[in-house]
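Q: Shown below is the structure under consideration.
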Amino acid sequence: MSEVTSFAELDLPEALLKAVAELGYETPSPIQAESIPKLLAGNDLLGQAQTGTGKTAAFALPLLARLEAGQREPQILVLAPTRELAIQVAEAFQSYAKYLPQFHVLPIYGGQSYSNQLRSLKRGCQVVVGTPGRIMDHLDRGTLVLDKLKAIVLDEADEMLRMGFIDDVQVIMDKTPPGRQVAMFSATMPTQIRAIAQKHLSNAHEIKIVTKTSTVERITQRFVLLENNQKLDALTRLLEGEDYDASIVFVRTKSATEEIAVKLGARGYAVASLNGDMNQTHREQTIRRIKDGQLDVIVATDVAARGLDVERISLVVNYDIPYDSEAYVHRIGRTGRAGREGKAILFVSPRERRLLRSIEQATRQPIEQMTLPTGAVIEQRRIQNFRAELAQSIETQDLTFFQGLIAQWQETLDCADNELAAALLFMAQKDQPLNVAAQFPALREPSNKRDRERSDRPVRERGERPDRAERGPKPRREMKGDYTTYRIEVGKEHGVRAGDIVGAIANEANIDSQFIGNIKLFDQFSTVELPATMPAEIFQHLKKVYVRKQKLNISVDQGSTERRAPGPGPRPGAGPRPGAAPKRRSQ
Ligand code: AMP
């Protein structure tokens, strides 16, 4: 792990440190510790890093630190291969820049209406994050001007190459002013990427987080492929369906340790959080409680769990993927202590698969994919546990008083033994129902649509352009008239991000993400543009979908504004016009 142990050691402005602290980041990830000082000093940078390593903050924080306040023209341009990534990166900038006055970041991608983008560009912004095709369009139209640009970032450069955007990237680079800073991040370094780096970067620092190989024995390692919004459900299933004595759950932020501990506590687990904010006494107390068996689960950050040695811990859950293989080895080493067997389970989202592979390479051990315990397994387990408790009561308790009552009730209630026992069982299991198979549907594995698109063929977003030679003159189809704006009852205060909304709607309504238009987040609710032709049954289904624990209760938006109190459900007749399903992606 790196020498830098706190963000304060990196020469970042107070406003950024405050935002980072609020996000619950404890320590810089290795790529952040290396990149931030170099980018802060104004150097060009070539970083080899995958998603999940913390690379977004590695470039966003130092570049934000170098912004000139009060200037409304774009100073930072980030190019990203997909709209999902563009949205994510823009959101990350927004959260890091929370305390920078008058800060605006604008995501620009194909499939979004031009008029909204034009309006936002006119209003002025310091950071633009976009997919190459749409950025080219705006440059050609003269609606995006890069004269004042101070830095350009190429994020996931190898993906942009694979998706056929690299010519556009080169043209955009040529249009940036001389002397601008360049940061280029790529998971792999194929020759074409190196060539671009050589052409456009000057005296670049190259950063690659070296992965030390180390082996871990006696620990069974598996992973679950899921979307971020499925993690909590997956965790509760694991804790119920797996055999273990005590468990440690690793997350990235202090706030997540608390949030998840509270949620598990509410579900009846003996759980506590362990993070860098706790003083030594409190930390020792928590460790003692898990050693004694007063606690069964602790939710911890890497820093807080360093050196933890508790024999009882036989299950490690990597709820958030670690930044690198070294952290992974350290985490899973919290189990398998004192020669015991241990199990480690890693949650991996589709975008983090590369990081999973590099962990496997570094540990020289395969991590096997697993499926989560099904509803039937959990039901069986609950029944077994109940039966065991029952047997113990029969064996150890003096039941004379209760037998007397039963005899009386049988008379007065005039029911069969069996019926009476069943009614008592029904009452006794209410807190943890026994017949739950139907309530635990199999967690749907994330559709690999995005992955397939990424690897098999060069896919363009709607509005993205073909190779330069094929390009005809404008104009491009405006999407505006095709959309209806809907209101959903989840907002910033529930911790929602645009990516969550895109993911939920894309999965639940089977609407390709390219048909999901502008998303606006308000405190209590959000608005989202969806095709006006969305069929009524999808609309009805979306009403019942939950995002960040909030029921979407989707309704046609009636001009929501920040000040308006959250309205009631949909108004009569406000549903969408039934029509053809807007399902597939047009090529
Ligand atoms: P990235 O690799 O940039 O996609 O980041 C992956 C995730 O790690 C994001 O959810 C970030 O919010 C989170 N993250 C990045 N840096 C840190 C940090 N230093 N501490 C905790 N979480 C972080």
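Q: Do we find that Glu84 is of a type in the set (Asp, Glu), within 13 Å of the ligand (Cβ to nearest atom), farther than 20 Å from Arg252 by Cα and in contact with a helix residue (DSSP H, G or I) (Cβ under 8 Å, 6 or more places away or on another chain) in this structure?
A: The answer is yes for Glu84.
Q: I'd like the residue in region 373-430 that is open to solvent by less than 70 Å² (accessible area, probe 1.4 Å) and among the polar types (S, T, N, Q) and, out of all such residues, is farthest from Val224 (Cα to Cα).
A: Gln410
Q: Please specify each residue of region 18-34 satisfying the condition of being buried (at least 18 other Cβ atoms within 10 Å of the Cβ) and within 11 Å of the ligand (Cβ to nearest atom).
A: The answer is Val20, Gly24, Tyr25, Glu26, Thr27, Pro28, Ser29, Pro30, Ile31, Gln32, Ala33.
Q: Identify, please: which residue in region 268-312 is in contact (Cβ under 8 Å) with a residue 40 or more places away in the chain and acidic (Asp, Glu) and is, among those, nearest to the ligand (Cβ to nearest atom)?
A: Asp302
Q: Could you identify the single residue in Phe103, Phe59, Phe93 that is buried (at least 17 other Cβ atoms within 10 Å of the Cβ), within 25 Å of the chain's Cα centre (by Cα) and away from the ligand (no atom under 15 Å from the Cβ)?
A: Exactly one residue qualifies, and that residue is Phe103.
Q: Ok, one more. So is Met160 crowded, with 23+ Cβ neighbours inside 10 Å and either in contact with a helix residue (DSSP H, G or I) (Cβ under 6 Å, 6 or more places away or on another chain) or outside the structural domain of Leu64 (by TED's automatic domain parsing) (or both) or not? If you could, list the steps in order and put the result at the bottom.
A: Numbers: crowded, with 23+ Cβ neighbours inside 10 Å: yes; either in contact with a helix residue (DSSP H, G or I) (Cβ under 6 Å, 6 or more places away or on another chain) or outside the structural domain of Leu64 (by TED's automatic domain parsing) (or both): yes.
Here the answer is yes, as Met160 does meet what is asked.
Q: Would you be able to say whether some residue in region 126-140 is of a type in the set (Lys, Arg) and open to solvent by 10 Å² or more (accessible area, probe 1.4 Å)? Before you say what the answer is, go through the steps one by one.
A: Of region 126-140, the ones of a type in the set (Lys, Arg) are 134.
Adding the requirement that they be open to solvent by 10 Å² or more (accessible area, probe 1.4 Å) leaves none.
No - not one qualifying residue is present in region 126-140.
Q: Which of (1) part of a helix (DSSP H, G or I); (2) within 16 Å of the ligand (Cβ to nearest atom) does Ala15 not meet, given it meets every other one?
A: Single failed check for Ala15: (2).
Q: Of all residues in region 239-253 being in a strand (DSSP E or B) and more than 16 Å from the ligand (Cβ to nearest atom), which is farthest from the chain's Cα centre (by Cα)?
A: From region 239-253, those in a strand (DSSP E or B) are 246-250, 253; that's our starting set.
Narrowing the set further to residues that are more than 16 Å from the ligand (Cβ to nearest atom) leaves 246-248.
Working: Ala246: 26, Ser247: 22, Ile248: 20 Å.
Only one residue tops the list, namely Ala246.
Q: For region 194-205, indicate whether the set of residues that are closer than 30 Å to Arg337 by Cβ and without any contact (Cβ under 8 Å) to a residue 60 or more places away in the chain is non-empty. Give the derivation first.
A: Of all residues in region 194-205, those closer than 30 Å to Arg337 by Cβ come to none.
No, region 194-205 contains no residue that is closer than 30 Å to Arg337 by Cβ and without any contact (Cβ under 8 Å) to a residue 60 or more places away in the chain.
Q: Next question. Within region 177-193, can you find the residues that are crowded, with 18+ Cβ neighbours inside 10 Å and hydroxyl-bearing (Ser, Thr, Tyr)?
A: First pass over region 177-193, keeping only residues crowded, with 18+ Cβ neighbours inside 10 Å: 180-187, 193.
Of everything in region 177-193, just one residue is crowded, with 18+ Cβ neighbours inside 10 Å and hydroxyl-bearing (Ser, Thr, Tyr), namely Ser186.
Q: So which strands (runs of 3 or more DSSP E) are wholly in region 149-215 and hold at least 1 residues that are of a type in the set (Asp, Glu) and closer than 12 Å to Gln48 by Cβ?
A: 205-208
Q: Can you find a residue in region 468-475 that is at pLDDT 75 or above and either farther than 17 Å from Arg548 by Cβ or outside the structural domain of Asn116 (by TED's automatic domain parsing) (or both)? Before you say what the answer is, go through the steps one by one.
A: Step one: of region 468-475, the residues at pLDDT 75 or above are none.
Checking region 468-475: not a single residue is at pLDDT 75 or above and either farther than 17 Å from Arg548 by Cβ or outside the structural domain of Asn116 (by TED's automatic domain parsing) (or both).
Q: In region 357-372, which residues are under 22 Å from the mean Cα position of the chain (by Cα), hydroxyl-bearing (Ser, Thr, Tyr) and crowded, with 16+ Cβ neighbours inside 10 Å?
A: The one that is under 22 Å from the mean Cα position of the chain (by Cα), hydroxyl-bearing (Ser, Thr, Tyr) and crowded, with 16+ Cβ neighbours inside 10 Å: Ser358.
Q: Given Leu45, Leu10, which one is surrounded by 17 or more Cβ atoms within 10 Å (Cβ to Cβ) and away from the ligand (no atom under 12 Å from the Cβ)? Walk me through it before giving the result.
A: On the way: Leu10 fails: away from the ligand (no atom under 12 Å from the Cβ).
The match here is Leu45.
Q: Could you say which residue among Ala272, Ala256 is under 21 Å from Thr335 (Cα atoms) and either open to solvent by 60 Å² or more (accessible area, probe 1.4 Å) or not in a loop (DSSP other than H, G, I, E, B) (or both)?
A: From the options Ala272, Ala256, the qualifying one is Ala272.
Q: Determine, yes or no, whether Arg351 is in the same structural domain as Asn229 (by TED's automatic domain parsing) and surrounded by fewer than 21 Cβ atoms within 10 Å (Cβ to Cβ).
A: Against the criterion (in the same structural domain as Asn229 (by TED's automatic domain parsing) and surrounded by fewer than 21 Cβ atoms within 10 Å (Cβ to Cβ)), Arg351 does not qualify.
Q: Moving on to the next point. Any residue at all in region 143-158 that's of a type in the set (Val, Ile, Thr) and more than 17 Å from Pro74 (Cβ to Cβ)?
A: No, region 143-158 contains no residue that is of a type in the set (Val, Ile, Thr) and more than 17 Å from Pro74 (Cβ to Cβ).
Q: Of Thr533, Thr527, Thr484, which residue is outside any helix (DSSP H, G or I), among the hydroxyl-bearing types (Ser, Thr, Tyr), open to solvent by 30 Å² or more (accessible area, probe 1.4 Å) and at pLDDT 80 or above?
A: Numbers: Thr533 fails: at pLDDT 80 or above; Thr527 fails: open to solvent by 30 Å² or more (accessible area, probe 1.4 Å).
Thr484 is the lone residue from the list that is outside any helix (DSSP H, G or I), among the hydroxyl-bearing types (Ser, Thr, Tyr), open to solvent by 30 Å² or more (accessible area, probe 1.4 Å) and at pLDDT 80 or above.
Q: Another question about this same structure. Got a number for residues in region 328-351 being in contact with a strand residue (DSSP E or B) (Cβ under 9 Å, 6 or more places away or on another chain) and within 16 Å of the ligand (Cβ to nearest atom)?
A: Final tally of qualifying residues: 7.
The values are calculated or read from the model by the stated rules, or taken from the named source; none is laboratory data. All of these numbers come straight from a predicted model, not from anything done at the bench. Backbone-built Cβ (ideal geometry, glycine too); neighbour counts: all protein chains shown. Just so you know, the surface numbers come from the protein's heavy atoms only, side chains and all, with ligands and any DNA or RNA stripped out. Shrake-Rupley method; radii C 1.70, N 1.55, O 1.52, S 1.80 Å.
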